[in-house]
Amino acid sequence: MTRRRAKAARALAAALRPLSDAAVLGSRIDPVARFHLGNGARLERINWLGNSAPRGIAESFGIMVNYLYDHDSIEDNHEALRA
């Protein structure tokens, strides 16, 4: 990644982090996030420019996330989302 692209990526990450957190944790949860979080996963990582294809940029500004299904906490995570 060029220095210019790296600087742009950092600026984009700083600007979009609050928005992505609100989208995942707010009342209008993305359907994919709702599926994983509703099944007890937790949001493990936000990948800035994880999908830099034109469609990825158009749909999610290139943001992708990883979910973790931890066997010992699935039930607690599921119940916490429902509360």
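Structural remarks
- Rough spin-label spacing in nm, given labels placed 7 Å along Cα→Cβ, for Ala15 and Met64: 2.3
- For the range 29-83, chymotrypsin sites (Phe, Trp or Tyr not before Pro) meeting the loop criterion (DSSP other than H, G, I, E, B) and having at most 13 other Cβ atoms within 10 Å: Tyr69.
- Cβ crowding within 10 Å ranks Asp72, Asp30 as Asp72, Asp30, fewest other Cβ atoms first.
- Burial ordering of His36, His78, His71, fewest other beta-carbon atoms within 10 Å first: His71, His78, His36
- Distant-in-sequence amide H partners of Leu49 (H built 1.01 Å from N, under 5 Å): Ile63, Met64
All of the numbers you see were taken from the coordinates with simple rules; none came from a lab. Since the structure is predicted, the reported quantities are computational estimates derived from the model, not experimental observations. As a convention, Cβ positions derive from the backbone with ideal geometry for all residues, glycine included, and neighbour counts pool all protein chains shown.
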